[in-house]
1. List the extent of the Cα atoms of the range 125-182 along each of their three principal axes, largest first, rounded to whole Å.
2. Could you work out how much longer the chain between Asn75 and Tyr12 gets when fully extended? Use 0.36 nm per residue separation minus the Cα distance between them, nm to one decimal.
3. Extending each Cα 7 Å along its Cβ direction at Thr147 and Asp120, get the distance between those two points in nm, one decimal.
4. About the Cα centre of the chain, what is the dipole size in debye to 20, counting +1 per Lys and Arg Cβ and -1 per Asp and Glu Cβ, all else neutral?
5. Using the per-residue mean of other Cβ atoms lying within 10 Å as a proxy for protection, in what order, highest first, do the peptides 147-157, 72-82 fall?
6. What do you get for Rg/Rh of the chain when both radii come from the Cα atoms and Rh is the Kirkwood radius?
7. Between the range 117-140 and the range 4-79, how far is it from one alpha carbon centroid to the other, in angstrom?
8. What do you get for GluC sites (Glu not before Pro) in the range 86-185 restricted to DSSP loop and a cutoff of at most 14 other Cβ within 10 Å of the site's Cβ?
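Rule-based calculations on the coordinates, nothing more; no lab input. Owing to the predicted nature of the structure, the values given are computational and were not obtained by experimental measurement. Here the Cβ positions follow ideal geometry from the backbone for every residue, glycine too, while neighbour counts run over all protein chains shown.
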Amino acid sequence: MATAKKVSGWWYITGYLTDQENIENFYSYQFTIFNLRIFRINFYILHMAFTDFQKRKHLFKQRLSILKRKNVYGNQDSVVFSPFASLKREKDKLNLSIKNDDFELQLDLNKGKGAFWHADDGVLAMGLPNDPQQRTVYYSYPNMPTTGKMILLNNSKEKTIMNVTGKSWFDRQWGPFRLFDPASH
């Protein structure tokens, strides 16, 4: 995909992390950027979530942008929703950066055993098999060894910085399908 101007799609990552110094400390995170093309207008929606199981605390942030802003874009190698998040593809890994008021993540997601292509070599018919506009490309990296840094900010904005390891799951789907056509789901 050269640009995201004429398609809808999403980048999705979910994973778990442990603090390398205190491996009993368990966390999960979720990152999604939706690129929704609705009535010829592109919208980007960013979801960032984090769960601290020890403190029984769940944090969630959402942002919305219309594509015409220069700090929000996506292409085949990266998706950026600046200054809050970016995902960039390298040869053997993905680099994920999330930053908001409560937590920050700087993660390297190793591609592990590689991509799994859904449906027919990655091409998925969206409910209307005879309509070429109702197709998406869809692949996943289901088992990504993950390393990096996690920063937690308390109410006083004091930082706790941890080196973390874990596993992540990445999904990517995009295409020109019509979001509001009930037959396409």
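1. 55, 27, 13
2. 21.2 nm
3. With each label placed 7 Å out from Cα toward Cβ, I get 4.2 nm.
4. 700
5. 72-82, 147-157
6. Here the Rg-to-Rh quotient is 1.00.
7. So the separation of the two Cα centres works out to 23 Å.
8. Glu90, Glu158
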